[in-house]
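Report on the structure given below.
The values are calculated or read from the model by the stated rules, or taken from the named source; none is laboratory data. Everything quoted here is computed from the prediction, not taken from an experiment. Because the Cβ atoms are built from the backbone with ideal geometry, glycine has one as well, and the counts that use them run over all protein chains shown.
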Amino acid sequence: MTQHLMKVSNLPVFLTNALQQEDYIVHDHAHIIDPEALTKVTALVGTGSESKVDKKLLSMLPNVKLIALCGVGYDGIEMDAIQERGIVVTHTPGTMTADVADLALGLMLAVGRRIPQADHFLRNGDWAMEPFAMTRRVSGKRVGILGLGRIGRAIAKRAEAFEMTVAYCGRTPKADVPYAFHADVASLADAVDFLVVATPGGAQTKHLVNADVLQKLGPKGFLINIARASVVDQAALVQALKDKTIAGAGLDVFWDEPRVPAELRSLTQVVLTPHIGSHTEETRRDMADLTMANLRAFYVQEALPTPVPECRPDSASA
């Protein structure tokens, strides 16, 4: 039986191809042609970062029972409305861990050693005029990780290979790691050279990294964000960079993507990447495969491989 889905964001090419190959009918919620499509749709598909699902949208889709996200984050999903309807949300945790952790280390090296600036210096012919300014050592430094989940742990493991001292901040201490725990972000920032944001987005973590935290990080400290833009007060960060309150930043996420403020783009002590943490062929294929596995399991009424925590059978809130 052909299943009707509705996409609530643009879909990655690997997922689009897989849906076509398995004969799903995918409607675009912004361009519905079939007047009966709303009642035919039984599942929503989208990416974790772009998908927005609220009570108003769900009120038009009486038969939706699954939201399958090709991504980890789901802060755009109105979970109260989902749970009222008994709808299950799935995502793709673990698929992007290695690539995002790799980028975090890449940004640390790039901003500390000023690799992009050095490349521009050479290409611009400036090396013939003068030597490039000295940079900062990265190995052996202190790194603080805000959020020690899968990605945070992978970053810590890579940092250890650079002989860095690792500390972290989270809701509770982790009994299975040797790293120093800090109960609040300001304390962590005060104790490290690199502060790496690796925590989920949402209301609970909004602006955790604010002007006070950046002040604690100090004029020799660097901020790295490969998680969610909402965790960092972007206006405060721009001001801290302009005032040299901190030494620099490596950023892969921004408040109003793909629009990045000119003020931020003009700063020479930052390295900016266009949200490419999971943007490799290998990760995107793995994400699509896991999304398809969740869809298949749903339609044959088998256990879903990766429901979000709130929707797991053993969750008190499910």
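Annotations for the structure displayed:
- Only one of the numbered conditions (1) at pLDDT below 95; (2) closer than 24 Å to HIS275 by Cα; (3) surrounded by fewer than 19 Cβ atoms within 10 Å (Cβ to Cβ) is violated by ARG113, and that is (1).
- From the options LEU188, LEU223, residue that is among the hydrophobic types (A, V, I, L, M, F, W, C), under 26 Å from ALA98 (Cβ atoms), in contact with a strand residue (DSSP E or B) (Cβ under 7 Å, 6 or more places away or on another chain) and not in a helix (DSSP H, G or I): LEU223
- Residues in region 155-166 that are buried (at least 21 other Cβ atoms within 10 Å of the Cβ) and either among the small types (Gly, Ala, Ser) or assigned to a helix (DSSP H, G or I) (or both): 3 in all.
- Residue among SER9, SER49 that is part of a loop (DSSP other than H, G, I, E, B), touching a residue at least 60 places away in the same chain (Cβ under 8 Å), among the small types (Gly, Ala, Ser) and out of contact with any Phe, Trp or Tyr (no Cβ under 9 Å at 6 or more places or on another chain): SER49
- Qualifying residue in region 247-259 (condition: surrounded by fewer than 21 Cβ atoms within 10 Å (Cβ to Cβ), at pLDDT below 95 and touching a His at 6+ places or on another chain (Cβ under 9 Å)): yes
- Here THR16 does not qualify as in a strand (DSSP E or B), of a type in the set (S, T, N, Q) and not assigned by TED's automatic domain parsing to the domain that holds ILE226.
- Subset tally (residues that are surrounded by 16 or more Cβ atoms within 10 Å (Cβ to Cβ) and either part of a loop (DSSP other than H, G, I, E, B) or not assigned by TED's automatic domain parsing to the domain that holds VAL89 (or both)) for region 19-46: 2
- Contacts under 8 angstrom Cβ, first residue in region 176-194 being at pLDDT below 95, partner of a type in the set (Gly, Ala, Ser) and buried (at least 16 other Cβ atoms within 10 Å of the Cβ), 6 or more apart: none
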